[in-house]
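Below is one structure, written out as structure tokens; comments come after it.
The values are calculated or read from the model by the stated rules, or taken from the named source; none is laboratory data. What you see is a predicted model; the values in this text were computed from it and never measured. Because the Cβ atoms are built from the backbone with ideal geometry, glycine has one as well, and the counts that use them run over all protein chains shown. Please note that ligands, DNA and RNA were not included when accessible areas were found on the heavy atoms of the full protein model with its side chains. Shrake-Rupley method; radii C 1.70, N 1.55, O 1.52, S 1.80 Å.
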Amino acid sequence: MRMERGVVQGLKAFARGEATWAEVEGMTFEEAKAIAQVGCDLAAAGRLEEARILFEGLVEGNPKDAAARAALGTVYQKLGRLDEAISEYSAALEREPDNPVALANRGELYLRKGERQGFTDLANAVEADPHGETAGGRRARALVKAITLVAVEKLKENSQA
């Protein structure tokens, strides 16, 4: 069996870390997007383990795909695998610092842990999606508003005491 020159070059580029497996396989953006949509549909239907497997495959094939990493983080979050979710959101944000889904979800998880970075992430999510076009952007806006209202109430209580 003789390998084609392009296949060998692709495998060598993958081995050197210069190409993703998806690139070696020739997966197009449209194909990856269609697979991701199936993963989103599975997650929405509550089929989280199947969605997890699908998104883990997408991330394995192309670890540079910020949207797939954010989606995998969301699935991990829904499965209660919170440290893994934070890790995936962080990896997504390394590639796409203004991803409102990754910012909002990581921000929420950091807040649950009592970390101030959570508020920063939420504020950045609102800035990244100022018109609330994504669910993450809308949730971030609602959380920032709620946090602000609580802070104002505490200030009022402290000034009256």
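Search region 135-153 for residues being under 17 Å from the mean Cα position of the chain (by Cα) and crowded, with 17+ Cβ neighbours inside 10 Å, and hand back the single one that is farthest from ALA85 (Cα to Cα).
Just the residues of region 135-153 that are under 17 Å from the mean Cα position of the chain (by Cα), to begin with: 135-140.
If we keep only those that are crowded, with 17+ Cβ neighbours inside 10 Å too, we end up with 136-140.
Values: GLY136: 15, GLY137: 18, ARG138: 20, ARG139: 17, ALA140: 17 Å.
Per the criteria, the residue is ARG138.
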- Message: Which numbered condition in (1) part of a helix (DSSP H, G or I); (2) open to solvent by less than 60 Å² (accessible area, probe 1.4 Å) is the only one that GLY132 fails?
- Response: (1)
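Yes/no matrix, rows are residues, columns are (1) polar (S, T, N, Q); (2) under 24 Å from PRO130 (Cβ atoms); (3) modelled with pLDDT of 95 or more:
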| site | (1), (2), (3) |
| --- | --- |
| PHE29 | no, no, no |
| ALA34 | no, no, no |
| LEU48 | no, no, yes |
| LEU54 | no, no, no |
| GLY73 | no, yes, yes |
| TYR89 | no, yes, yes |
| PRO97 | no, yes, yes |
| ARG106 | no, yes, yes |
| ARG116 | no, yes, no |
- When you look at ARG69, is it basic (Lys, Arg), at pLDDT 95 or above and open to solvent by less than 60 Å² (accessible area, probe 1.4 Å), yes or no? yes
- Query: Hey, which of the helices (runs of 4 or more DSSP H) in region 25-102, taking only ones fully inside, have at least 1 residues that are outside the structural domain of LYS113 (by the TED database) and of a type in the set (Ser, Thr, Tyr)?
  - Reply: 66-78, 82-95
